[in-house]
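FYI, it's all coordinate maths here, none of it is from the lab. Fair warning: this is a prediction, and the values are worked out from it, not measured in the lab. Here the Cβ positions follow ideal geometry from the backbone for every residue, glycine too, while neighbour counts run over all protein chains shown.
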Amino acid sequence: METTNRVLKWLGECFKVEEDKALHANKLFWMVVLIPLFFIIWISWILTTELITKSLYNPHISAESLAGFVSYYAFPIALLTVPLTLAVMINRFHSSKQKAKSNRLVEQNNTANNFFNHYKYFKDHCIGLEKRFSWVNLRITAELLYKKLFPISSVSNFTTELDKVFVESVFDYYENMILDYQNHIKINGIKTIAQTHNQGEIYEETVECHFLSEPYELDFDLCGISFVKSLKVEEDFKNTLYLTFEIIGGLFCFSGVSNFDEVNDYYYNKFNTMIDRNI
């Protein structure tokens, strides 16, 4: 069985057209040329031996000898077209495989270029968001965030579809944020202070302000998005949630997202549901 497998493997190697090698370096090319030529030479040798035996072999140049040569060697001469035809066929197969491989390489190169260009534009987009929210010292790690937004995109499998799993991870983080904040309130409480504000020369207005008994340092750090904000008034937490909503929504506004409407609607509706339920 092992010997049979070796023979089959050897035959497979012999009859394989390898586009990575030059045509003359392919075993099959020499097989289709040399085997028919060997057969033609063998037939010619048999014919020549018979002509010599019958004293019909006349190797000098004359009209009579040429006519006899054509008559006796017509079959071997006709067979000479076989290796030429087979060699042309192998050449076509070889060229076709090289063309197919060239097309694959071009496609792979285009995919890789699209991937790197897409990442470059996303990184520029992140830099723009950092400048827009510089007042909270926003920091975005583009390479980490890109892998979270487009987890299956790569140099060999480029895609512009944003993964909804990232949205789910955002809301898991929101839930933990809300829980930590509520625990802080339970432990430290809220101070309600009445503050009077002048409204011109006509009247004064007294407003109750709800201050945190202990300031809450919110350290937001999610998938490469980070900023720190100190919360002193109860309303600050809700405002910070809307701030993170705007920052992450800004990421979705990247023009390189092909399913923006679907993801943005899902994110918007889920955020409003969370606010109505918890705040």
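Equivalent-ellipsoid semi-axes (√(5λ), Cα gyration tensor) for the chain, whole Å, largest first? All intermediate terms of the calculation are to be shown ahead of the outcome.
Values: eigenvalues 1556, 67, 31 Å².
Gyration-tensor ellipsoid for the chain: 88, 18, 13 Å.
What does the charge dipole of the chain about its Cα centre add up to, to the nearest 20 debye, if the Cβ of each Lys and Arg holds +1 and the Cβ of each Asp and Glu holds -1?
Values: 26 positive and 33 negative charges, 454 e Å.
About 2180 debye.
Considered as an equivalent ellipsoid built on the Cα gyration tensor, segment 6-162 has semi-axes of 71, 15, 9 Å, the largest given first.
Annotation: amide H of Leu231 within the under-5 Å range of Tyr216, Glu217, Leu218, sequence separation 5 or more or interchain, hydrogens built in the peptide plane.
Full extension of the chain between Glu143 and Lys232 gives 28.7 nm of extra length, using 0.36 nm per residue less the Cα-Cα distance.
One way to sum up the overall shape of segment 73-202 is the equivalent ellipsoid from its Cα gyration tensor, whose semi-axes run 71, 18, 9 Å, largest first.
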